[in-house]
Amino acid sequence: MKRKRKPKLAVWKFASCDGCQLSLLDCEDELLALAAEIEIANFPEASRAVMKGPYDLSLVEGSITTPHDAERIQKVRRASKRLVTIGACATAGGIQALRNFKDVKEFTRVVYATPDYISTLDKSTAISDHVRVDFELQGCPINKAQLVEVISAFLNGRKPNTPAHSVCVECKLRGTVCVMVAHGTPCLGPVTHAGCGAICPSYDRGCYGCFGPMETPNTASLSDWWSGLGVKEGEIVRVFRSFNAYAEPFRKESEKHEE
């Protein structure tokens, strides 16, 4: 009897810290179960083995920051039946997208002794700005349980079941007192996608927006609330410009408050 071919999984890295790939390795027992069902065809963090495509599912970490990146992602897309971006860098340009608000040539001039040798694009952009993406999994880093769910969903031909609500719901589920209401602490929780388990508010700190904007976030209302707490315009800009600074809702809101 002919053995059924296992689906091929490939993991690709672009401009990033590798944290989201490590989240996959952190799956431990879940990863062992997945490995029995799939063939890991390309995953530099886990194996030196490289198999040729096409790949049934590609996971892409990192943003596009160089001309070489822009060419390589096109090749990855052509070799992949399904492509899922993982993490803030791949879905929103990452922390490196902070350069998008300034002149990147000025940065290279200040940092590098010979900037002429630096080949980089003016902006750090999400993978979806360059190729068609089948699903975006947000987070910095991603939630490993959500990652396992996404992989399982695509391998079984169904839609991933990931939460669409905000971090505020996670606070309520774990019984955490709202830091904005109780202490007047600016918090991105009301507009940030769930996934972290509301770690920061549980330690009386405002959410930093690691998981990026939730669906239809009301960033304007949140900024008005912060202004009522005495938060200055410059601070509002700074809070929205972190791991997901170039995600459209956060980017537009930060630009509204620039002096």
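GNM remark for the chain: springs join alpha carbons under 10 Å apart, and the peak mean-square fluctuation among 15, 33, 164 falls on 33.
Going down the table (123/172; 8/102; 81/123; 13/159), which pairs top 31 Å between alpha carbons?
Those over the limit are 123/172; 8/102.
Per-residue 3J(HN,Hα) values for the stretch 190-201, derived from phi via the Karplus relation 6.51 cos²θ - 1.76 cosθ + 1.60 with θ = phi - 60°, read x, 10, 9, 4, 5, x, 8, x, 6, 5, 4, x Hz in sequence order (x marks Gly and Pro).
With a cut-off of 10 Å between beta carbons, the residues surrounding residue 223 carry a summed charge of -2, where Lys and Arg count +1 and Asp and Glu -1. Straight-distance candidates among the aspartates and glutamates for linking to residue 52, with alpha-carbon spacing under 20 Å and chain neighbours fewer than 8 residues away dropped: 37, 39, 61, 69, 71. Placing a label point 7 Å from the Cα of residue 22 along the Cα-to-Cβ line, the residues of the stretch 143-161 whose backbone N sits under 16 Å from it are 143-144.
Take the convex hull of the alpha carbons in the stretch 111-259; its mean projected area over all directions comes to 11.9 nm². Relative contact order for the stretch 8-155: 29 percent, from Cα pairs under 8 Å spaced at least 6 residues apart, divided by residue count. Sparse packing (at most 15 other Cβ atoms within 10 Å of the Cβ) combined with a DSSP loop state is found for the following GluC sites (Glu not before Pro) in the stretch 11-76: 28, 45. Maximal additional length on extending the residue 255-residue 224 stretch stands at 9.7 nm, based on 0.36 nm per residue less the C-alpha distance.
FRET efficiency for the residue 82 to residue 182 pair, using the beta carbon distance and R₀ = 45 Å, is estimated at 0.55. What the Cβ-Cβ distance of residue 128 and residue 38 gives, at R0 = 30 Å and to the nearest 0.05, is a FRET efficiency of 0.80. State the antiparallel share, in %, of DSSP beta bridges confined to the chain, rounding to the nearest 5. Counting only bridges with both partners in the chain, antiparallel ones make up about 25 percent. Remark: the stretch 97-137 carries a charge dipole of roughly 140 debye about the Cα centre, counting +1 on each Lys and Arg Cβ and -1 on each Asp and Glu Cβ. Let me know the shape class of the chain, please: from the alpha-carbon gyration tensor, a ≥ b ≥ c as square roots of the eigenvalues, rounded when a/c is under 1.5, otherwise prolate if a/b is greater than b/c, or oblate. Oblate is the answer for the chain, as a/c is 1.5 or above yet b/c matches or exceeds a/b. Dipole orientation for the chain: of the candidates 179, 112, 15, 15 has the Cα lying most toward the positive pole (charges on Cβ; Lys, Arg +1; Asp, Glu -1).
Shown is the FRET efficiency for residue 4 and residue 161, computed with R0 = 35 Å from the Cβ-Cβ distance and rounded to the nearest 0.05: 0.85.
Every read-out reported here was derived from the displayed coordinates using simple, explicitly stated rules and does not represent laboratory data. Note that the structure is a prediction, hence the values are computed from the model and not measured. Cβ atoms come from the backbone with ideal geometry, glycine included; neighbour counts cover every protein chain shown.
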